[in-house]
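The values are calculated or read from the model by the stated rules, or taken from the named source; none is laboratory data. Keep in mind the model is a prediction, meaning the values are calculated, not measured. Reconstructed Cβ throughout: ideal geometry from the backbone, glycine too, with neighbour counts over all protein chains shown. The accessibility values were calculated without ligands, DNA or RNA, using every heavy atom of the protein model including side chains. Shrake-Rupley method; radii C 1.70, N 1.55, O 1.52, S 1.80 Å.
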Amino acid sequence: MSRIEEKLLFEKDHPGRVGASVPPCDVPEVSPQAAFGALARKAAPAMLPEMSEVDVVRHFTRLSTYNYAVDVGLYPLGSCTMKYNPKLNEEVARLEGFARLHPMQPESTVQGALELMDTLQKALCAISGMDACSLQPAAGAQGEFTGVQLIRAYLESKGDARKIILIPDSAHGTNPASAAFSGYAVEQVQSGPDGCVDVAALKARMGPDVAGIMLTVPNTLGIFEKNIVEICRVVHAGGGQVYVDGANLNAMMGLARPGDWGADVMHINLHKTFTTPHGGGGPGSGPVVCKAHLEPFLPRPVVVKRDGRYAWDWDRPKSIGKVHGFFGNFLINVRALCYIETMGGEGLKRASELAVLNANYLRARLAGDLQLGFDGPTLHEVVFCDKGLPNGVTTMDLAKRLIDYGFHPPTVYFPLIVHGAIMIEPTETEPVEELDRFVDAVKAILKEAAENPELVKSAPHTAYRRRLDDVAAARSPKLTYKP
Ligand SMILES: *Cc1c(COP(=O)(O)O)cnc(C)c1O
């Protein structure tokens with residue numbers, strides 16, 4: 001089917017067209033100003049497009065077919081955990097008692113919701129080996145910001161303000177951004193040839209100016225930080241705090257707990273590991289879990305249970321304040337708890353085992369065709385480099401050509417420490433047939449690259465848009481529509 005160049009709704013405005021049939025008005029019409037006086041904010045109605053129902057339905061349905069989704073096929077975006085989101089979660093999140101809550105309802109009318117949040121917090125603490133939790137942050141990066149603020153508040157409460165956060169070169173890009181946004185100077189720690197932090201270099205650098213370290217575990221190479229216990233010891237001995245970026249928890253549920261290694265605080269991405277839909281900018285949820293010594297500083301309010309009733313505790317003098325308008329993205333909490341309860345502890349552990357197995361299956365099947373970024377065992381994702389791609393074909397070309405084969409491309413050119421990185425995270429929810437289909441596609445593209453490189457370099461050929469100007473999109477985004 002040839003595709004229509006879909007216009008914006010505002011460009012489809014057709015004055016007089018309506019989406020509903022209502023009987024003619026049989027009482028005198030009154031303007032908002034006449035009815036509400038100064039309370040009426042707008043003198044004129046909002047400039048909304050006037051359209052029929054069929055116009056609107058076709059607009060959105062057509063747009064939905066221009067997109068790729070995890071419900072369509074493999075979405076192997078590394079470090080993003082694009083796993084399948086069970087439909088049961090959606091059904092539960094749509095129950096009226098959850099979906100129609102208002103955040104300003106009195107506590108006595110939302111006891112079930114508060115209990116749900118309390119239960120989810122306890123589950124996340126159990127999974128991560130931590131003592132306390134806040135569900136307020138709306139995304140992983142905001143969780144990082146919150147966690148670093150906890151570290152800052154804790155150190156300052158002891159009269160030990162420090163200036164620097166150490167971050168390995170294999171960390172997720174949001175880590176340095178969050179540390180800098182929290183007012184810290186960021187210093188890089190080098191990885192060794194095994195892709196892990198160089199502990200000797202870390203030891204040498206630790207000092208009274210270092211507030212802590214932010215570690216992505218497993219790191220963005222999919223490699224487990226094997227010296228993590230020693231790293232926590234070194235940082236604590238130097239008076240610092242350990243932040244673990246737990247967005248990659250999908251590799252470790254039921255297998256390893258950051259709290260047990262000595263980590264002080266971490267965030268968890270419910271929209272990755274705990275199967276709530278993501279992509280397209282949200283909504284997400286990035287709860288922060290921490291050890292008891294950081295608990296007094298958590299964002300307020302916190303859920304408490306007193307005399308058998310749940311309540312919000314606002315009386316938190318050491319709290320860093322609020323990081324979200326209300327209490328977090330509640331319906332994401334509902335989905336995440338639904339998933340945790342359906343899986344159970346054993347099920348979560350099995351999910352992590354299968355996520356690791358699937359990544360290693362792809363690694364084993366593709367290792368003869370693509371070169372690995374780093375040797376050594378990987379967990380939930382596998383990173384290849386662009387070495388050996390024939391005829392000047394690049395990582396980007398390979399990614400774009402995968403679109404023609406019906407796949408979302410993997411993450412590319414990240415992590416930065418791998419040249420032309422191709423970062424693949426299949427997740428546990430992919431059946432082996434889909435993994436094989438992906439392997440076949442990569443092999444076919446490599447054959448094309450050898451025999452007919454132009455075909456690959458000019459891909460995608462079937463997509464609605466071909467190659468976008470990524471740089472212009474990032475540097476000068478146009479976020480508003482002007483008629
Ligand atoms: C996705 C991710 C983040 C950021 O999470 P957002 O919800 O996108 O803000 C941080 N760290 C790692 C390792 C991630 O994979």
- Task: Report yes if some residue within the range 238-250 is open to solvent by 10 Å² or more (accessible area, probe 1.4 Å), on the phi > 0 side of the Ramachandran plot, in the same structural domain as Ala153 (by TED's automatic domain parsing) and in a loop (DSSP other than H, G, I, E, B); otherwise report no.
- Result: yes
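Does the range 22-33 contain at least one residue that is within 21 Å of Ile340 (Cα to Cα) and surrounded by fewer than 16 Cβ atoms within 10 Å (Cβ to Cβ)?
Residues of the range 22-33 within 21 Å of Ile340 (Cα to Cα): none.
Among the residues of the range 22-33, not one is within 21 Å of Ile340 (Cα to Cα) and surrounded by fewer than 16 Cβ atoms within 10 Å (Cβ to Cβ), which makes the answer no.
Can you tell which of Lys163, Lys203, Lys158 is surrounded by fewer than 17 Cβ atoms within 10 Å (Cβ to Cβ) and either touching a helix residue (DSSP H, G or I) at 6+ places or on another chain (Cβ under 6 Å) or in the same structural domain as Leu357 (by TED's automatic domain parsing) (or both)? Can you show your working first?
Details: Lys163 fails: either touching a helix residue (DSSP H, G or I) at 6+ places or on another chain (Cβ under 6 Å) or in the same structural domain as Leu357 (by TED's automatic domain parsing) (or both); Lys158 fails: either touching a helix residue (DSSP H, G or I) at 6+ places or on another chain (Cβ under 6 Å) or in the same structural domain as Leu357 (by TED's automatic domain parsing) (or both).
Being surrounded by fewer than 17 Cβ atoms within 10 Å (Cβ to Cβ) and either touching a helix residue (DSSP H, G or I) at 6+ places or on another chain (Cβ under 6 Å) or in the same structural domain as Leu357 (by TED's automatic domain parsing) (or both) holds for just one of Lys163, Lys203, Lys158, which is Lys203.
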- Item | Yes/no for Val30 being without any contact (Cβ under 8 Å) to a residue 40 or more places away in the chain and in a loop (DSSP other than H, G, I, E, B) | yes
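Per-residue answers, yes or no, for (1) out of contact with any strand residue (DSSP E or B) (no Cβ under 6 Å at 6 or more places or on another chain); (2) within 21 Å of Pro460 (Cα to Cα); (3) in contact (Cβ under 8 Å) with a residue 40 or more places away in the chain; (4) assigned to a loop (DSSP other than H, G, I, E, B):
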{"position": "Gly406", "(1), (2), (3), (4)": "yes, yes, yes, yes"}
{"position": "Pro415", "(1), (2), (3), (4)": "yes, no, yes, yes"}
{"position": "Val439", "(1), (2), (3), (4)": "yes, yes, yes, no"}
{"position": "Ile445", "(1), (2), (3), (4)": "yes, yes, yes, no"}
- Note on the structure: Subset of the range 459-473, residues hydrophobic (A, V, I, L, M, F, W, C), farther than 16 Å from Glu5 by Cα and open to solvent by less than 80 Å² (accessible area, probe 1.4 Å), comes to Ala459, Ala472, Ala473
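Quick grid of which residues meet (1) closer than 24 Å to Pro415 by Cα; (2) hydrophobic (A, V, I, L, M, F, W, C); (3) part of a loop (DSSP other than H, G, I, E, B):
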| site | (1), (2), (3) |
| --- | --- |
| Gly147 | yes, no, no |
| Glu156 | no, no, no |
| Asp160 | no, no, yes |
| Ala177 | yes, yes, no |
| Val186 | yes, yes, no |
| Gly195 | yes, no, yes |
| Ala204 | no, yes, no |
| Leu221 | yes, yes, yes |
- Item | Condition met for Asn89 (in contact (Cβ under 8 Å) with a residue 24 or more places away in the chain, within 16 Å of the ligand (Cβ to nearest atom) and polar (S, T, N, Q)) | no
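Scan the range 180-192 for residues that are in contact (Cβ under 8 Å) with a residue 24 or more places away in the chain and either more than 13 Å from Lys163 (Cα to Cα) or open to solvent by less than 30 Å² (accessible area, probe 1.4 Å) (or both) and jot them down. Spell out the reasoning first.
Let us first name the residues in the range 180-192 that are in contact (Cβ under 8 Å) with a residue 24 or more places away in the chain, namely 181-184, 189, 191.
Selection gives Ser182, Tyr184, Val189, Ser191.
Kindly provide the set of residues from the range 250-268 that are within 19 Å of Gly347 (Cβ to Cβ) and within 13 Å of the ligand (Cβ to nearest atom), ordered by number.
Applying the first criterion (within 19 Å of Gly347 (Cβ to Cβ)) to the range 250-268 yields 250-257, 268.
Of everything in the range 250-268, those that are within 19 Å of Gly347 (Cβ to Cβ) and within 13 Å of the ligand (Cβ to nearest atom) turn out to be Asn250, Ala251, Met252, Ile268.
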- Can you tell me which of Gly129, Gly112, Gly147, Gly143 is under 20 Å from Val302 (Cα atoms) and without any contact (Cβ under 8 Å) to a residue 40 or more places away in the chain? Gly112
- Query: Limited to the range 362-388, what total is found for residues that are closer than 15 Å to Leu435 by Cα and open to solvent by less than 10 Å² (accessible area, probe 1.4 Å)?
  - Reply: 5
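Looking only at the range 453-477, count every residue that is polar (S, T, N, Q) and either in contact with an Asp or Glu (Cβ under 7 Å, 6 or more places away or on another chain) or closer than 21 Å to Leu366 by Cα (or both) and tell me the total.
Number of matching residues: 1.
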- Counting only residues in the range 271-304 that are in a loop (DSSP other than H, G, I, E, B) and more than 16 Å from the ligand (Cβ to nearest atom), the one most open to solvent (accessible area, probe 1.4 Å) is identified as Arg300
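Restrict the check to the range 209-230 and report whether at least one residue is open to solvent by less than 10 Å² (accessible area, probe 1.4 Å), farther than 18 Å from Ala141 by Cα and within 12 Å of the ligand (Cβ to nearest atom).
Of the range 209-230, the ones open to solvent by less than 10 Å² (accessible area, probe 1.4 Å) are 210-222, 225, 228.
Now narrow it down to the ones that are farther than 18 Å from Ala141 by Cα: 210-211, 221-222, 225, 228.
Then keep just the ones that are within 12 Å of the ligand (Cβ to nearest atom); that gives 221-222.
So far as the range 209-230 goes, yes, one or more of its residues are open to solvent by less than 10 Å² (accessible area, probe 1.4 Å), farther than 18 Å from Ala141 by Cα and within 12 Å of the ligand (Cβ to nearest atom).
Do we find that Val70 is of a type in the set (A, V, I, L, M), under 37 Å from the mean Cα position of the chain (by Cα), modelled with pLDDT of 95 or more and surrounded by 12 or more Cβ atoms within 10 Å (Cβ to Cβ) in this structure?
When the stated conditions are applied, Val70 does not pass them.
Is it the case, given these coordinates, that Ala138 is within 16 Å of the ligand (Cβ to nearest atom), in contact with a His (Cβ under 6 Å, 6 or more places away or on another chain) and either of a type in the set (Ser, Thr, Tyr) or closer than 30 Å to Val334 by Cβ (or both)?
Numbers: within 16 Å of the ligand (Cβ to nearest atom): yes; in contact with a His (Cβ under 6 Å, 6 or more places away or on another chain): yes; either of a type in the set (Ser, Thr, Tyr) or closer than 30 Å to Val334 by Cβ (or both): yes.
Yes.
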- Query: Taking Gly321 and the conditions (1) part of a helix (DSSP H, G or I); (2) free of Cβ contacts under 8 Å to residues at least 60 places away in the same chain, which numbered condition does it fall short on, given that it satisfies the others?
  - Reply: (1)
